[in-house]
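Just below is one structure, and these are the notes that go with it.
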Amino acid sequence: MTTPAYDRLLNQLKSLHLIQSVQGLLGWDEQVNLPPKSAGFRAEQMAEMARLAHETASDPELGAALTELESQLDALSADQQVVVREARRDYDRVVRLPAEFVSAKARHSSAAYHAWAQARAERDFASYAPFIERHLELAKQEAELQGWGDRPYDYAIDLHDPGFTAERIATLFAELTAGLVPLVRAIEAKAGNEPSALRGFPVDAQRTFLREVTARLGFDYEHGRIDVALHPFCEGSGLDVRMTTRFHEDEPLDSLFSSIHETGHGLYAQGLSAEHQATALGQYVGMAVHESQSRMWENQVGRSRAFWQFFEPRYRELFAGPLTDISSEQLYREINAVRPTLIRVDSDEVHYNLHIILRFEIEQALFAGDLAVRDLPAAWNDRCEALLGCRPQHDAEGVLQDVHWSGGAFGYFPSYCLGNMIAAQNWDRARQVLPELEADFARGDFTRLLDWTRREIHDLGNRHATLALVERVTGQPLSPQPLLAYLRDRYGEIYL
Ligand code: ZN
């Protein structure tokens, strides 16, 4: 049953969703197609769209429809109540921020991005430090405006993964660290540190292969595409999903696995209800759940023996030359190579979570006032050495490597690691209820797993917050143990 106020709400949310989808498309186009001298014009287009999006998201009519609906909640269905609840949360977050604050933050982010790029190129942290300091001030001010003044870091986390707190994450990460560090050291002792033997993979054949793989995993190319950009990403919602990748002849696995990763995001986006994409019923839960989808397809599925049992013959057909002297076992080891690196985005699956834990600890200390921005490089290097066993020689391979803080995106890094935990926990559950999954993969059939994720996760939209969803899907509260068990299994079999 619907009411006039509910219809008004839906119309407003639909306008907002359409505007946001155009913003996404402009952003995608900027990274994929934009001619070199058109950046200024694009910036103006984006600023105008941002103004329009803000105007629509903060429209008093929307607020009035929400207030009216909240006075008659009992007359609404459970789903309609979810829509109202989430729309209220978004609306309040928009209207609590004065326009001057929003534009000041946008201006500062733009300046800070350029300062970061230059500081990284020149390995000069000091010139960038004031920009992080200002971002920290703005983040605290924003938390204050939102009514989270006593817990600014929790607010930053909640923006990406509603329901999580720094305390909850710290507990999960401590348990993960305790299990992970000895495992990583044991594998490092056995793995050696040989450079990759995979070289000279023609780009056209790489493109053919990744297209075949991603289509077989279930990505719908009638409602999406993949193009080339500097950094891989996935953008869009169910009816039009844009993914990107990049190619290097001597790093064929980078392109392939980042494409499988983005396909995981794309499958989630395409799995959300098209009919409800303007409301919480057809929207994703949070960054960690999104990341759990991409990570499961990339790692648990894409790096498995069963997956390669099916795809290896075709891979050898396309890359007969460069694979001539590479045995099946060598190829599998390349796919699951463990090589310590200082750079997060180049990290293998075993080390990756330690990179995230390092960033989380630093953010916590910054927000608590236990660490001054000027002391960041030293704190980073010390902690990096303790966790990862290696020390940056300069800040470009240390504290300056990531773009996130230049945009004021604090509280974002934990999502990557939480996503890995959720992926492993979901994967455990999927294998329990669908014991034939690996036999499916060996035949090139991924539909049973995709259907399970559709049913258990995608179809639910944002009806349940992350922690509740994990319990619902797996029957257990979120825990790092399934991730540790998965890493021990996968890499123990190869290296230990
Ligand atoms: Zn991702």
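Every test in (1) within 14 Å of the ligand (Cβ to nearest atom); (2) closer than 22 Å to E334 by Cα is passed by Y268 save one, and that test is (2). Consider F257 carefully, then state whether it is assigned to a helix (DSSP H, G or I) and touching an Asp or Glu at 6+ places or on another chain (Cβ under 6 Å). Judged against the criteria, F257 is a match. For region 451-481, the set of residues classified as over 20 Å from A78 (Cβ atoms) and open to solvent by less than 20 Å² (accessible area, probe 1.4 Å) consists of W452, T453, V470, T474, L478, P480, listed by residue number. Screening R305, R295, R333 for residues that are assigned by TED's automatic domain parsing to the domain that holds D440 and within 16 Å of the ligand (Cβ to nearest atom) leaves exactly one candidate, R295. You will find that of L469, L400, L450, L437, the residue that is away from the ligand (no atom under 16 Å from the Cβ) and in contact with a Gly (Cβ under 8 Å, 6 or more places away or on another chain) is L450 and no other. Each residue in region 178-190 was checked for being within 28 Å of P322 (Cα to Cα), under 28 Å from the mean Cα position of the chain (by Cα) and open to solvent by 10 Å² or more (accessible area, probe 1.4 Å), and 1 pass. Among the residues here, Y268 qualifies as modelled with pLDDT of 95 or more, of a type in the set (F, W, Y) and in a helix (DSSP H, G or I).
Do we have any residue at all in region 47-57 that's open to solvent by 60 Å² or more (accessible area, probe 1.4 Å) and farther than 28 Å from L9 by Cα? No: region 47-57 contains no residue that is open to solvent by 60 Å² or more (accessible area, probe 1.4 Å) and farther than 28 Å from L9 by Cα.
Can you pull out every residue in region 202-253 that is in contact with a helix residue (DSSP H, G or I) (Cβ under 8 Å, 6 or more places away or on another chain) and in a helix (DSSP H, G or I)? Result: A205, Q206, T208, F209, L210, E212, V213, T214, L217, P252, L253. The single condition from (1) closer than 23 Å to P4 by Cβ; (2) open to solvent by 30 Å² or more (accessible area, probe 1.4 Å); (3) at pLDDT 95 or above that A75 fails is (3). Give me a count of the residues in region 273-292 that are within 16 Å of the ligand (Cβ to nearest atom) and hydrophobic (A, V, I, L, M, F, W, C). Number satisfying all stated conditions: 4. Pairs only if they're at least six apart or on different chains, beta carbon under 7 angstrom, first in region 243-263 and assigned by TED's automatic domain parsing to the domain that holds A197 and among the aliphatic types (A, V, I, L, M), second away from the ligand (no atom under 15 Å from the Cβ) and in a loop (DSSP other than H, G, I, E, B); list them, first residue then second. The qualifying pairs are L253/L198.
Annotation note: of D250, D240, the sole residue that is of a type in the set (D, E), farther than 22 Å from P202 by Cα, open to solvent by 20 Å² or more (accessible area, probe 1.4 Å) and more than 16 Å from the ligand (Cβ to nearest atom) is D240. Among the residues of region 149-162, the one identified as over 18 Å from H135 (Cβ atoms), touching a Gly at 6+ places or on another chain (Cβ under 8 Å) and surrounded by fewer than 23 Cβ atoms within 10 Å (Cβ to Cβ) is P162. Within region 109-137, the set of residues being surrounded by 17 or more Cβ atoms within 10 Å (Cβ to Cβ) and under 16 Å from E363 (Cα atoms) comprises A129, F131, I132, R134, H135, L136.
Here is the figure for region 300-327: residues that are part of a helix (DSSP H, G or I) and open to solvent by 40 Å² or more (accessible area, probe 1.4 Å) total 8. Considering each residue of region 342-351 in turn, at least one proves to be open to solvent by 40 Å² or more (accessible area, probe 1.4 Å), part of a helix (DSSP H, G or I) and within 16 Å of the ligand (Cβ to nearest atom). Exactly one residue out of F367, F410, F360 is open to solvent by less than 30 Å² (accessible area, probe 1.4 Å), farther than 30 Å from R455 by Cα and assigned to a loop (DSSP other than H, G, I, E, B), and it is F410. Scanning region 198-223 for residues that are in contact (Cβ under 8 Å) with a residue 24 or more places away in the chain and either open to solvent by 50 Å² or more (accessible area, probe 1.4 Å) or of a type in the set (D, E, K, R) (or both) turns up R199, P202, R207, T208, E212, R216, D220, H223. Criterion applied to I260, I226 was being open to solvent by 30 Å² or more (accessible area, probe 1.4 Å), of a type in the set (V, I, T) and within 16 Å of the ligand (Cβ to nearest atom), and the one residue passing it is I226.
The values are calculated or read from the model by the stated rules, or taken from the named source; none is laboratory data. These numbers come from a predicted model, not from an experiment. We place every Cβ from the backbone using ideal geometry, glycine too, and count neighbours over all the protein chains shown. Surface areas here come from the heavy atoms of the whole protein model, side chains and all, with no ligands, DNA or RNA. Shrake-Rupley method; radii C 1.70, N 1.55, O 1.52, S 1.80 Å.
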